[in-house]
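*Asks:* Sending over a structure as structure tokens; questions will come in a sec.
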Amino acid sequence: MKTRLAAAGRLTLWFEPRDWWVGGYSADDAIYICIVPFLALRWARKGEW
């Protein structure tokens, strides 16, 4: 049950209870960075937002 907390252009901040990790992940559609457990920053690639 993820919840979008804030958005600005291609950058989105999500609360996701399943994201207990800290670090970065590069997917096909976006780059994800968990700065603290459960809070993920999502930077959408061009054309994906």
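*Asks:* Would you mind getting the accessible area per residue of the chain, heavy atoms of the protein chains only, 1.4 Å probe, in Å²?
*Replies:* Working: 3720 Å² over 49 residues.
Value for the chain: 76 Å² per residue.
*Asks:* Okay, next question. Taking the dipole about the Cα centre of the chain, with the C-beta of Lys and Arg at +1 and of Asp and Glu at -1, give me whichever of ALA30, LEU5, PHE15 is farthest to the positive side.
*Replies:* The residue sitting most towards the positive pole is LEU5.
*Asks:* Would you work out what percent of the accessible area of the chain, with all protein chains in place, is carbon or sulfur (probe 1.4 Å)? Can you show the working numbers first?
*Replies:* Values: 2320 of 3720 Å².
After summing per-atom areas, the C and S share lands at 62 percent.
*Asks:* Starting from the amide H of ASP19, placed 1.01 Å from N in the peptide plane, find each other amide H under 5 Å away whose residue is 5 or more places distant or on another chain.
*Replies:* HN-HN under 5 Å from ASP19: PHE38.
*Asks:* Sort 3-10, 37-44 by the packing proxy (mean of other Cβ within 10 Å over each peptide's residues), most packed first.
*Replies:* Details: 3-10: 10.4, 37-44: 16.5.
Averaged packing, sorted descending, gives the order 37-44, 3-10.
*Asks:* Rounding to the nearest 20 debye, state how big the charge dipole of the chain is about its Cα centre with +1 on each Lys and Arg Cβ and -1 on each Asp and Glu Cβ.
*Replies:* Working: 7 positive and 5 negative charges, 26 e Å.
That gives a dipole near 120 debye.
*Asks:* Residue separation times 0.36 nm, minus the C-alpha to C-alpha distance between ALA7 and TRP21: what's the value?
*Replies:* Values: separation 14, 0.36 × 14 = 5.04 nm, distance 2.13 nm.
Additional length available on full extension: 2.9 nm.
*Asks:* Separate question: Could you grab the relative contact order for the chain? Cα pairs under 8 Å, six or more apart, rounded to a whole percent. Mind dumping the intermediate values first?
*Replies:* On the way: 100 pairs, mean separation 16.7, N = 49.
Relative contact order here is 34 percent.
*Asks:* I need the phi-derived Karplus couplings for the stretch 16-30: 6.51 cos²θ - 1.76 cosθ + 1.60, θ = phi - 60°, integer Hz, Gly and Pro marked x.
*Replies:* With the stated coefficients, the stretch 16-30 comes to 9, x, 7, 8, 8, 8, 10, x, x, 8, 10, 9, 5, 9, 6 Hz.
The values are calculated or read from the model by the stated rules, or taken from the named source; none is laboratory data. Model, not experiment: these values are computed from the prediction. Every residue, glycine as well, gets a Cβ built from its backbone with ideal geometry; the counts of neighbours run over all protein chains shown. Just the protein is used for accessible areas: all its heavy atoms, side chains included, with ligands, DNA and RNA removed. Shrake-Rupley method; radii C 1.70, N 1.55, O 1.52, S 1.80 Å.
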